[in-house]
Amino acid sequence: IEPIKATIDETAFKTPMLPIASCTKGHFLNSIDNQHFQEVFRAPIQFQKTIQFLENKGHYRYIDIGPSDTLSIFTKYIINKDSKSK
């Protein structure tokens, strides 16, 4: 973790221009700082809680950009059948 922490500490983060939902927090972030990324590497991911939070806020188009379709499959099982999200 130390090499990653050193890189994070050298990085200046700007206020996001688009809303960012954090899977470590389970809600939107107003800002991103070095502490957030340190938590990302140490805290459990709350994927289901985050998707449910988003679904309660509106309808979304979820895009899985990972190397497999694992998160898209998880998302299909999390959202309600009557959701207008895709």
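Tell me, what ³J(HN,Hα) does each residue in the stretch 54-59 have, in order and in whole Hz, if you take phi through Karplus 6.51 cos²θ - 1.76 cosθ + 1.60 with θ = phi - 60° and put x for Gly and Pro?
After applying 6.51 cos²θ - 1.76 cosθ + 1.60, I find 4, 4, 6, 8, x, 10 Hz.
How far apart, in nm, are two points set 7 Å out from the Cα along the Cα-to-Cβ line at Thr15 and at Lys57?
Placing both labels 7 Å beyond Cα along the Cβ direction yields 1.6 nm.
Based on the Cα atoms of the stretch 41-86, what semi-axes does the equivalent ellipsoid have, where each is the square root of 5 times one gyration tensor eigenvalue, given in whole Å with the largest first?
Semi-axes, largest first: 18, 14, 9 Å.
Can you list residues whose amide H is under 5 Å from His27's amide H, if they're 5+ apart or on another chain and H is modeled 1.01 Å from N?
For His27, the qualifying residues are Ser22.
Return the single residue from Ser22, Ser68, Ser31 with maximal mean-square fluctuation; model: Gaussian network over the chain, springs between Cα atoms under 10 Å.
Maximum fluctuation in the GNM of the chain, among the listed residues, is at Ser68.
Keeping the other protein chains in place, figure out the carbon and sulfur percent of the accessible area of the chain, with a 1.4 Å probe.
Ligands and nucleic acids excluded, carbon and sulfur give 57 percent.
Note down the nm distance, to one decimal, between modelled labels 7 Å out along Cα→Cβ at Ile1 and at His27.
Simple spin-label model gives 2.4 nm for this pair.
Karplus couplings for the stretch 79-86 from phi (6.51 cos²θ - 1.76 cosθ + 1.60, θ = phi - 60°), rounded to Hz, Gly and Pro as x?
Karplus values, whole Hz, x for Gly and Pro: 6, 5, 4, 8, 5, 8, 5, 10.
Less than 18 Å from a label point 7 Å out along the Cα-to-Cβ axis of Ile73: which backbone N atoms in the stretch 49-66 qualify, by residue?
It comes to 63-66, nothing else.
Name the residue from Ser22, Asn80, Ile63 whose Cα lies farthest towards the positive end of the charge dipole of the chain, charges +1 on Cβ of Lys and Arg and -1 on Cβ of Asp and Glu.
Sorting the options by dipole projection puts first Asn80.
Calculate the radius of gyration of the Cα atoms of the chain to one decimal place, then report Dmax, the largest Cα-Cα distance, as a whole number, both in Å.
Both quantities, over Cα of the chain: 14.7, 45 Å.
The values are calculated or read from the model by the stated rules, or taken from the named source; none is laboratory data. Since the structure is predicted, the reported quantities are computational estimates derived from the model, not experimental observations. For neighbour counting, all protein chains shown are included, and Cβ atoms are generated from backbone atoms with ideal geometry for every residue, glycine included. All accessible areas refer to the heavy atoms of the entire protein, side chains included, with ligands and DNA or RNA removed. Shrake-Rupley method; radii C 1.70, N 1.55, O 1.52, S 1.80 Å.
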